[in-house]
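J.: Handing you this structure, nothing more for now.
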Amino acid sequence: MNRTARTLRVLLPVLALLTGAAAAEGPVAVEEAWIPQSPPGMEMMAGYATFHNRGTGPVTITGAASPAFGRVELHRTVHEGGMARMKRVPHLRIEAGGRVRLEPGGLHLMLMAPRRRLAPGDEVEITFTTAGGRGVQARFTVRPRNGAHHH
Ligand SMILES: [Cu+2]
């Protein structure tokens, strides 16, 4: 092995690490992000995903926005006196190394005032605001409604 090859063998893994770090948006990954298709005429849709905090400190999500919707809120479904109601969640904390699941019947995104009709397979960009940090960008996929429970 000549000297150049030896140098490359050392440098390439370092470069791979550096570009990998540069490509990461931040500590929070948004996994399994999906939106059940809504029946025609519905002015609200729900969004589900898992937030995974791969960082070493807690991250708090304080808001969300999407070019596909006029308004996006974080909600929790609560059961009171046999009734299911939705409450707005202004802050969602994700511990270091932790995961928070948004799923039917629990935490969810409320996607309001859709700007266009969404069909299964469509992808929707949603950007989350974090306290004192950079935002988190995610891509949600619209799935057919069958088998999906809304709230
Ligand atoms: Cu809701």
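J.: State the extension gain, in nm to one decimal, for the chain segment bounded by MET112 and GLU80, taking 0.36 nm per residue of separation less the distance between their alpha-carbons.
T.: Values: separation 32, 0.36 × 32 = 11.52 nm, distance 2.40 nm.
Extra length from MET112 to GLU80 when fully extended: 9.1 nm.
J.: Follow-up question, since we're still on this one. Quick one: Cα centre-to-centre distance for region 66-118 and region 30-50, in angstrom?
T.: What the calculation gives is 10 Å, centre to centre.
J.: Once amide H atoms are built 1.01 Å from N in the peptide plane, which residues 5 or more positions from PHE69, or in another chain, come under 5 Å H to H?
T.: Those lying under 5 Å, H to H, from PHE69 are ARG115.
Each reported figure results from applying straightforward, stated rules to the coordinates on display, with no laboratory input. Not measured: the values here are computed from a predicted model.
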